[in-house]
Every structure is written in structure tokens, then in C-alpha cells.
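Notes to accompany the following structure.
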Amino acid sequence: QVQLVESGGGLVQTGGSLRLSCAASGRTSNYAMGWFRQAPGKEREFVALITAITWSGSSTDYTDSVKGRFTMSRDNAKNTVYLQMNSLKPEDTAVYYCAARRGGLWTNARQPDSYDYWGPGTQVTVSS
């Protein structure tokens, strides 16, 4: 059983930066990890993911709106993944959720329903 908890959210001005962390109570080295976000009145949407680390390393994927601004990374020794968010915009305001899944298809890795475990979320607010 994997338990996730996010931290690092807060209030930041447009153009600022935040670093989100997701700490796992269980071993997640074999899990793909994702970041999703949900704004009030909107559906949960994909933000970023990182694959399990293999002999070839790990791969990341980002939704178009955050490419070039957000960077996801993982530290398996700490069972922690990160989302470095730079050049934040008001439209980035949302509750950010960390998620984990073991296995699964790359083709549906952007779908929230494909993930097995979720953290409670952390609020990110970007003021204009």
C-alpha cells in the first residue's frame, strides 16, 4: 500500500516559482508518478508524469500548458517526487495532486483513472 502526501503549495505572484514535493510512505521506485491539478468547478487534469527508473533512466511528460515552465523529477532513495514550477501564471491556480501507478499503458498515463494512489492535494494559488 502506497500513501502519498503533497507539500510545498502556497501563494505566489505571477512569474514566481514553487517547488512541490510528494512523499510516499511506501516504495515507489517501480511506479510511474504523476502530478494532476484541479481548479474549482473544473475536472482534474494531467500536469506531468515521470516513469519508473530503469536501466535507461526515466522519462517525463508534460501537458502543453506547462512545458518549459515545470520540471518533474524523482528521488527514489527518498521515495519522493518533485514538481518545480517556474513562471507561474494565474491559470496554474489549482489543488495539485500527486498520484502513483504501477504498470499501465503509456497511452493512458495522462488519464487520472489510470492511477492507483492519490495524495490529498496541496493548494497552489497564483495571484495576478
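Rolling a 1.4 angstrom probe over the chain with all protein chains present gives an accessible area of which 46% lies on carbon and sulfur atoms.
Qualifying trypsin sites (Lys or Arg not before Pro) in segment 1-53, where qualification requires a DSSP coil assignment and no more than 14 other C-beta atoms within 10 Å, comprise Arg27, Lys42. Projected onto its three principal axes, the C-alpha set of the chain covers 42, 27, 26 Å, listed from the longest axis down. Given R₀ = 30 Å, what would the calculated FRET efficiency be for Asp75 paired with Ser128, taking r from the Cβ atoms and rounding to 0.05? Computed FRET efficiency for Asp75 and Ser128: 0.35.
The mean sequence separation of alpha-carbon pairs under 8 Å and at least six residues apart, normalised by the residue count of the chain, gives a relative contact order of 36 percent. Largest mean-square fluctuation among Thr14, Thr107, Thr60, in a Gaussian network model of the chain whose springs join Cα atoms under 10 Å apart, belongs to Thr107. Note on segment 76-116 and segment 37-73: Cα centroid distance 5 Å, given to the nearest whole angstrom. Considering only Ala48, Ala39, Ala99, the Gaussian network model of the chain with Cα springs below 10 Å gives its largest mean-square fluctuation to Ala39.
If only the Cβ of Lys and Arg carry +1 and only the Cβ of Asp and Glu carry -1, the dipole of segment 1-76 around its Cα centre is close to 80 debye.
Bridgeable aspartates and glutamates around Lys42 (alpha carbons under 19 Å apart, same-chain partners fewer than 8 residues away excluded): Asp64, Glu91, Asp92, Asp113.
List the GluC sites (Glu not before Pro) within segment 13-111 that DSSP assigns to loop and that have no more than 16 neighbouring Cβ atoms inside 10 Å.
Working: sites: Glu43, Glu45, Glu91; in loops: Glu43.
Loop-located and lightly packed - Glu43.
The values are calculated or read from the model by the stated rules, or taken from the named source; none is laboratory data. Note that this is a predicted model, so its numbers are computed, not measured. Reconstructed Cβ throughout: ideal geometry from the backbone, glycine too, with neighbour counts over all protein chains shown. We work out accessible area using only protein heavy atoms, side chains counted, and drop any ligands, DNA or RNA first. Shrake-Rupley method; radii C 1.70, N 1.55, O 1.52, S 1.80 Å.
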